[in-house]
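J.: One structure, as structure tokens, below. Some questions next.
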Amino acid sequence: FDMFILAFVERIFRPTFRKDDFVLGKKLGEGAFGVVYRVSLAKNPSDKKEGDLVLKKATEYGAVEIWMNERVRRACANSCADFIYGFLENSSKKGDGEYWLIWKFEGEATLADLMQSKEFPYNVERMILGEGQQLPKGLERENRIIQTIMRQLLFALDSLHSTGIVHRDIKPQNVIFSEGSRTFKIIDLGAAADLRVGINYIPKEFLLDPRYAAPEQYIMSTQTPSAPSAPVATALSPVLWQMNLPDRFDIYSAGLIFLQMAFPAMRTDSGLIQFNRQLKRCDYDLVAWRKTVESRASSDLRKGFELLDLDEGIGWELLTSMVRYKARQRTSAKAALAHPYFNREGLLALSLVQ
Ligand code: ADP
Ligand code: MG
């Protein structure tokens, strides 16, 4: 009941927007289900011409995405991009209208953009620490930077999962570097599922990105009945959550991101697709995969193994606990954060010592 009062009070005091309030800027992305622009408010013409907001014009899945963003904003605000407002825009005559979603513009670069650079991961270090604080280059330092990124990503995932939300589309393109907080945040809740209230409970396999999807492909076993109405689902779903461990789907994807950060060759699409093919041939056994490639490994691959083998191989240990065939054998985000891989000081602590 308190939630209702809260939502009601919020409705009165939060600013509301409509179509004419926005001036469209550069297009940032275009997918099958929507177009994303950088925008500014029309009543702020003195604004930097770039605009400090982001608009997504979404098709039918926009309604779910608004719902997810509202929920995240209340329950775990810092893990995702700052959501401002969402509404159905049907003033134009075409069709059923579109859902408009507005966020704060968090920054220029996604983790995908940053990983494409030859400078990765040092470009990330510069963004987190600012100029002029870099340490001597080397594997040790790269590992610290990658560890810091993984910690931030798992932290955001843990708060999403604790809220009862599975993202289902975790990939570098959906991880944005927030220039304000100097941390990585998750974006794009368009494929997310909230199992506690049964929103988007039935998996839409076609929403999933095959490059990053765990082998189970969809989250609930097909035997699980479709979502009951909200109050029943709230009572039942913690049990379902325990049984099916749907959060482990995101953990697999996050493990693939870890892998891409360690192995430069896997940062390209073709590199990742080739890895996926090899892993499948090894029945998703990462240790078996390592055996097949290590003997004839290129220097690029060897460097990745060397990085993961630092400190008695705790990085490799963490990776193998995330990328596993069976969801129930994968670690959770919370358990991963407590893994010894994260015992070492990260970037920020390191810069304070300098
Ligand atoms: P899509 O459904 O097209 O994948 P996304 O929500 O992932 O939509 O947004 C597309 C792109 O727009 C992102 O990859 C990112 O580059 C940019 N973007 C989205 N939200 C933000 C934000 N809050 N701040 C800055 N850039 C953003
Ligand atoms: Mg996206």
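The values are calculated or read from the model by the stated rules, or taken from the named source; none is laboratory data. Only a predicted model underlies this, so the values are computations on that prediction, with no experimental measurement involved. Positions of Cβ are backbone-derived with ideal geometry, glycine not excepted, and every protein chain shown enters the neighbour counts. For accessibility, only protein heavy atoms count, side chains too; no ligands or nucleic acids. Shrake-Rupley method; radii C 1.70, N 1.55, O 1.52, S 1.80 Å.
J.: Please find, among TYR341, TYR325, the residue that is under 23 Å from ASN244 (Cα atoms) and over 20 Å from the mean Cα position of the chain (by Cα).
T.: After applying the criteria, what remains is TYR325.
J.: May I ask you to list the residues in the stretch 111-170 that are of a type outside the set (Asp, Glu), assigned to a loop (DSSP other than H, G, I, E, B) and within 16 Å of ligand 1 (Cβ to nearest atom)?
T.: Of everything in the stretch 111-170, those that are of a type outside the set (Asp, Glu), assigned to a loop (DSSP other than H, G, I, E, B) and within 16 Å of ligand 1 (Cβ to nearest atom) turn out to be SER117, HIS167, ARG168, ILE170.
J.: Something else about it: Please enumerate the residues belonging to the stretch 171-188 that are on the phi > 0 side of the Ramachandran plot and more than 9 Å from ligand 1 (Cβ to nearest atom).
T.: Within the stretch 171-188, just ARG182 meets the criteria.
J.: Tell me which of these GLU119 doesn't satisfy, since it passes every other one: (1) out of contact with any Pro (no Cβ under 6 Å at 6 or more places or on another chain); (2) surrounded by 13 or more Cβ atoms within 10 Å (Cβ to Cβ); (3) not β-branched (Val, Ile, Thr).
T.: Only one criterion in (1) out of contact with any Pro (no Cβ under 6 Å at 6 or more places or on another chain); (2) surrounded by 13 or more Cβ atoms within 10 Å (Cβ to Cβ); (3) not β-branched (Val, Ile, Thr) is unmet by GLU119, namely (2).
J.: Can TYR252 be described as more than 16 Å from ligand 2 (Cβ to nearest atom), hydroxyl-bearing (Ser, Thr, Tyr), open to solvent by less than 50 Å² (accessible area, probe 1.4 Å) and at pLDDT 85 or above?
T.: yes
J.: Just give me the residues in the stretch 91-112 being closer than 13 Å to ARG38 by Cα and β-branched (Val, Ile, Thr), in sequence order.
T.: Correct list: ILE102 only.
J.: Taking the residues in the stretch 188-198 that are more than 12 Å from ligand 2 (Cβ to nearest atom) and outside any strand (DSSP E or B) as candidates, determine which candidate is modelled with the lowest pLDDT.
T.: GLY198
J.: Kindly list the number of the only condition in (1) open to solvent by 40 Å² or more (accessible area, probe 1.4 Å); (2) farther than 25 Å from ILE149 by Cα that fails for VAL35.
T.: The failed condition is (1).
J.: Only one of these conditions is not met by GLU179: (1) more than 25 Å from PHE33 (Cα to Cα); (2) surrounded by 22 or more Cβ atoms within 10 Å (Cβ to Cβ). Which number is it?
T.: Exception for GLU179: condition (2).
J.: Could you count how many residues in the stretch 49-92 are under 18 Å from LYS27 (Cα atoms) and either in a loop (DSSP other than H, G, I, E, B) or open to solvent by 50 Å² or more (accessible area, probe 1.4 Å) (or both)?
T.: Residues that pass the stated criteria total 6.
J.: Can we say LEU318 is of a type outside the set (Asp, Glu), surrounded by fewer than 19 Cβ atoms within 10 Å (Cβ to Cβ) and at pLDDT 95 or above?
T.: No.
J.: Return the only residue of ILE146, ILE102, ILE128 being farther than 30 Å from PHE22 by Cβ, of a type in the set (Val, Ile, Thr) and at pLDDT 95 or above.
T.: ILE146
J.: Find the residue count for the stretch 273-291, including only residues that are under 20 Å from the mean Cα position of the chain (by Cα) and over 19 Å from LEU318 (Cα atoms).
T.: Qualifying residue count, the stretch 273-291: 1.
J.: Let me ask something else. If only one of ALA297, ALA288, ALA327, ALA338 is small (Gly, Ala, Ser) and in contact (Cβ under 8 Å) with a residue 12 or more places away in the chain, which one is it?
T.: Result: ALA327 is the single residue among ALA297, ALA288, ALA327, ALA338 that is small (Gly, Ala, Ser) and in contact (Cβ under 8 Å) with a residue 12 or more places away in the chain.
J.: Out of TYR201, TYR212, report the one residue that is over 25 Å from LEU139 (Cα atoms), in a loop (DSSP other than H, G, I, E, B) and at pLDDT 65 or above.
T.: Every option except TYR212 fails the conditions.
J.: Look through the stretch 321-354, keep the residues that are part of a helix (DSSP H, G or I) and at pLDDT below 90, and return whichever of them is surrounded by the most Cβ atoms within 10 Å (Cβ to Cβ).
T.: Top of the filtered list is LEU347.
J.: Which numbered condition in (1) within 29 Å of GLY86 (Cβ to Cβ); (2) surrounded by fewer than 19 Cβ atoms within 10 Å (Cβ to Cβ); (3) at pLDDT 90 or above is the only one that SER226 fails?
T.: Unmet for SER226, out of (1) within 29 Å of GLY86 (Cβ to Cβ); (2) surrounded by fewer than 19 Cβ atoms within 10 Å (Cβ to Cβ); (3) at pLDDT 90 or above: (3).
J.: Tell me which residues, restricted to the stretch 17-32, are open to solvent by 60 Å² or more (accessible area, probe 1.4 Å) and within 23 Å of ALA112 (Cβ to Cβ).
T.: Within the stretch 17-32, LYS26, LYS27, LEU28, GLU30, ALA32 meet the criteria.
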